[in-house]
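Quick note: the coordinates plus some simple rules give every number you see, no bench work behind them. Computed from a predicted model, the values in this text were never measured in an experiment. Please note: Cβ atoms are built from the backbone with ideal geometry, for glycine as well, and neighbour counts cover all protein chains shown.
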Amino acid sequence: MRDIQNIVILTGAGISAESGIATFRGPGGLWEGHRVEDVCTPQALAHDPALVHRFYDLRRAALDTVIPNAAHDALARLDREWPGELLIVTQNVDDLHERAGATRMLHMHGELNSALCADCGVQAEWRGSLPPGSVCAACGATTLRPDIVFFGEMPYRMDAIERALSRADLFVSIGTSGAVYPAAGFVQTARYHGAQTLELNLEPSAGSVYFHEARMGAAGVLVPEWVGEVLSA
Ligand code: NAD
Ligand code: ZN
């Protein structure tokens, strides 16, 4: 632990599960009762914009009913107290990391509280419902969509993520199934560059075998424990 300066953390839906936000569940990977293909692809948005916009309106509204849990709080503490480099890369579209106080973080799959103009590409903070046809303040087009990276679209900030992974001494993956690329490949990139790797998840994930160490349990217990270890080493 003493040789560790630079830490990269990847979080997934599992870190928000104890706050009451559902992960992908069920055999077909249902998300809040919907097939992922029906709400999380460019084709779905083109085919049934009303359904897709309403789905994310409900997810956005649900943010008001949840609060960060002990795992988000522990990562925010690490962010405040860790003297070396740190980057928290979240696949989550909720805002619980920042509400817990984390700042050295980015959303690689977009954010519920943001709208993206499909015409000019501008991203703008958005609260409340976002019906199809909402007007972009930057260009005037009626092409605002939820700022969510759909399957088949390029995740955000890949350059910053790759740079951080190439410098990481420790890579920690928390609450992610290891099924969605490119995030699922970060552990191999980090290892290639010499990082130690640790997985914290409720159950073994698709990528568990790639980690030097895997601890199984609830994020609300495992993450505060691990942060305590790192900060006292
Ligand atoms: P996933 O739903 O595919 O996998 C979640 C993982 O978390 C599973 O391996 C599960 O075992 C684990 N888990 C569940 N409860 C846990 C707990 N209490 N503690 C620790 N681990 C727990 O999620 P993913 O890998 O993040 O991929 C899903 C994609 O769906 C992401 O890209 C994300 O954008 C999107 N998504 C986001 C949210 C959110 O923003 N909160 C919620 C659902 C889906
Ligand atoms: Zn625009």
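What the table below lists for this structure:
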item: Residues ILE4, ILE161 arranged by fewest to most Cβ contacts within 10 Å; result: ILE4, ILE161
item: Helix 158-167 axis, angle to the chain major axis (alpha carbon atoms, nearest 10°); result: 0
item: Using alpha-carbon coordinates, inclination of helix 49-62 to the longest axis of the chain, degrees; result: 50
item: The chain: most fluctuating residue of LEU45, LEU222, LEU30 per GNM, C-alpha cutoff 10 Å; result: LEU30
item: Computed [θ] at 222 nm, helices only, for the chain once each DSSP H run of length n ≥ 4 contributes -39500 (n - 2.57); result: -9000 deg cm²/dmol
item: Crossing angle, helix 70-81 versus the chain [Cα axis fit, 0-90 degrees, rounded to tens]; result: 70
item: ³J(HN,Hα), Karplus 6.51/-1.76/1.60, whole Hz, each residue of region 139-154, x for Gly, Pro; result: 10, x, 6, 9, 10, 6, 9, x, 8, 10, 7, 7, 4, x, 9, 7
item: Alpha-carbon Debye profile of region 47-113, log10 I(q)/I(0) at 0.17, 0.19 Å⁻¹; result: -0.65, -0.76
item: Along each principal axis, Cα extent of region 1-160, largest first, Å; result: 53, 38, 28
item: For HIS107, HIS72, order by how many other beta-carbon atoms lie within 10 Å, fewest first; result: HIS107, HIS72
